[in-house]
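The values are calculated or read from the model by the stated rules, or taken from the named source; none is laboratory data. Just so it is clear, the structure is predicted and the values come from calculations on it, not from any experiment. Neighbour counts are summed over all protein chains in view; Cβ atoms, including those assigned to glycine, are modelled from backbone coordinates with ideal geometry.
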Amino acid sequence: MSEDPTTPEAVAVELPPATLARVPQVIDTDEGLAAAIAELAAGSGPFGMDAERSSGFRYSARAYLIQVSRRGGGTHLIDPIAFDGLTALGALLATDEWILHAATQDLSCLAEVGLVPTKLFDTELGSRLAGLPRVGLGTVVAELLGLHLAKEHSAADWSTRPIPQDWLVYAALDVELLPDLRDALAAVLESAGKTHIAEQEFAHLLTWKPAEPKTDPWRRLSGMQSLTTPRQLAVARELWIARDHFAQSIDMGPGRTIPDRAIVAAASQLPNSRGALASIKEFTGRYSRRELGRWWDAIERGLATDDLPPMRVRGNGLSTPRNWKDRHPDAYARFVCVRENMSKIAEKSSIPIENLALPEMIRRICFEPPAVFEPSAVADWLRGAGAREWQIELIHTQLNDCFVRVAEDPSEFLTTAADTDE
């Protein structure tokens, strides 16, 4: 897993020479892959899985290293770039459960090479459901297994070849510990009476799809708030598009060609010539001068276009609940009541409130509740919106109670601030 933003400071362990000597080497030949598949097939139990990408270094989100470990089947580090496909490996992996930490980080890049799970155990999600206070891999391993897992290479450029030996140590340990971590976490979930909850969530993960690309992604440029005219926005947009196309063509992280601050500086100053662009001190980056003509062409398009973007765009979703109080007071009151009740449920169950139901789902049902305030109607609404049965069981009666109370008298909730967008 290339990114684990929830992982706290981990303590690196001095590994003995014997451990370093047994770190598997990267598999990049058909013969090596066939041997790894045979060894894994001789093992038993679920597969510990992980993938390393080069986020920020490369444009693509493809996997540059895939790690697989199984009890009795060894640990194997596979270079997916060296192969046209991993069909045979995928067929074997489909025969048993995968163990991943923060599965949604890796499912897409694994699917790109034909590796798709049929059963999952997500140790990060399982840790949340178990009520662990911190769910980064290093912290969970330390708490449940008593080991300290160093994470200093999590943000490395895994497209580097050859991959340094200490990176391989990190990569191997990531998956070697997963089977033991899975068993320890399963025991915690069982003792808390949450096994059925985890099973439903893991099954739901098999249907996970990455989010659709955002509209106008160029609006997420860092520092955009300093641009105050539609013409400046048009120039920023054209520079962003030019940078994105160029970065994709050379498979480099866009920010490594020219940074956001360079685009915003150029859009803010609206240079009137190539020389003026080159003289902007903030216009920096590896390709700021090497591709100066490309950037100037983009600026000219932005200066000449009649397609000026609006300063602000209206989102497709609901506005934040804090904006409902005057125009939609009943919806606001329902939201305040529901959040209060769900906070109590989260505390009692030791499950984070965002795992009880998607925040957008809660906003939507508060804004557009069922026509009839009955527990069964609320349960049906939640089910239709994609809530799992365990979630429905925990929250549907409390939601309905809030709807009834607000219908009778919303005033007690209108004096309370909805100080969250969720």
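Quick check: is even one residue across the stretch 48-63 in the same structural domain as Lys119 (by TED's automatic domain parsing), modelled with pLDDT of 85 or more, in contact with a His (Cβ under 7 Å, 6 or more places away or on another chain) and assigned to a loop (DSSP other than H, G, I, E, B)? The answer is no; no qualifying residue exists. Under the condition of being surrounded by fewer than 20 Cβ atoms within 10 Å (Cβ to Cβ), in contact with a Lys or Arg (Cβ under 8 Å, 6 or more places away or on another chain) and modelled with pLDDT of 95 or more, the residues counted in the stretch 315-352 number 1. Before we move on, is His153 under 16 Å from Val68 (Cβ atoms) and either of a type in the set (Asp, Glu) or touching a helix residue (DSSP H, G or I) at 6+ places or on another chain (Cβ under 7 Å) (or both)? No. Against the criterion of being closer than 25 Å to Ala184 by Cβ and not aliphatic (A, V, I, L, M), Gly138 qualifies.
Taken together, Ala21, Ala35 contain a single residue that is out of contact with any Phe, Trp or Tyr (no Cβ under 8 Å at 6 or more places or on another chain), in the same structural domain as Pro133 (by TED's automatic domain parsing) and at pLDDT below 50, which is Ala21.
Looking across the stretch 94-115, the residues that are closer than 20 Å to Arg71 by Cα and either without any contact (Cβ under 8 Å) to a residue 12 or more places away in the chain or surrounded by fewer than 23 Cβ atoms within 10 Å (Cβ to Cβ) (or both) come down to Ala94, Thr95, Asp96, Glu97. Residues satisfying the criterion are absent from the stretch 404-417 (criterion: surrounded by fewer than 20 Cβ atoms within 10 Å (Cβ to Cβ) and within 29 Å of Gly126 (Cβ to Cβ)). In the set Ile263, Ile280, only one residue is β-branched (Val, Ile, Thr), outside the structural domain of Leu394 (by TED's automatic domain parsing) and in a helix (DSSP H, G or I); that residue is Ile263. Residues that are part of a helix (DSSP H, G or I), of a type outside the set (Val, Ile, Thr) and assigned by TED's automatic domain parsing to the domain that holds Gly56 do not occur anywhere in the stretch 154-164. Among the residues of the stretch 261-284, is any in contact with a helix residue (DSSP H, G or I) (Cβ under 6 Å, 6 or more places away or on another chain), surrounded by fewer than 19 Cβ atoms within 10 Å (Cβ to Cβ), among the acidic types (Asp, Glu) and at pLDDT 95 or above? Among the residues of the stretch 261-284, at least one is in contact with a helix residue (DSSP H, G or I) (Cβ under 6 Å, 6 or more places away or on another chain), surrounded by fewer than 19 Cβ atoms within 10 Å (Cβ to Cβ), among the acidic types (Asp, Glu) and at pLDDT 95 or above, which makes the answer yes.
So the check is Cβ under 7 Å with 6+ separation or different chains; which pairs have a first residue in the stretch 355-373 that's under 23 Å from Gln200 (Cβ atoms) and a second one that's polar (S, T, N, Q)? What qualifies is Leu356/Gln391; Ala357/Gln391. Of all residues in the stretch 353-369, those satisfying the criterion of being surrounded by fewer than 18 Cβ atoms within 10 Å (Cβ to Cβ) and touching a helix residue (DSSP H, G or I) at 6+ places or on another chain (Cβ under 7 Å) are Asn355, Phe367.
Among the conditions (1) in contact (Cβ under 8 Å) with a residue 60 or more places away in the chain; (2) within 19 Å of Asn355 (Cα to Cα), Gly193 misses just one, which is (1). Every listed requirement among (1) in a helix (DSSP H, G or I); (2) at pLDDT 95 or above; (3) surrounded by 23 or more Cβ atoms within 10 Å (Cβ to Cβ) is met by Ile81 save one, (3). Restricting attention to the stretch 166-196, the residues being over 15 Å from His153 (Cβ atoms) and in a helix (DSSP H, G or I) number 17.
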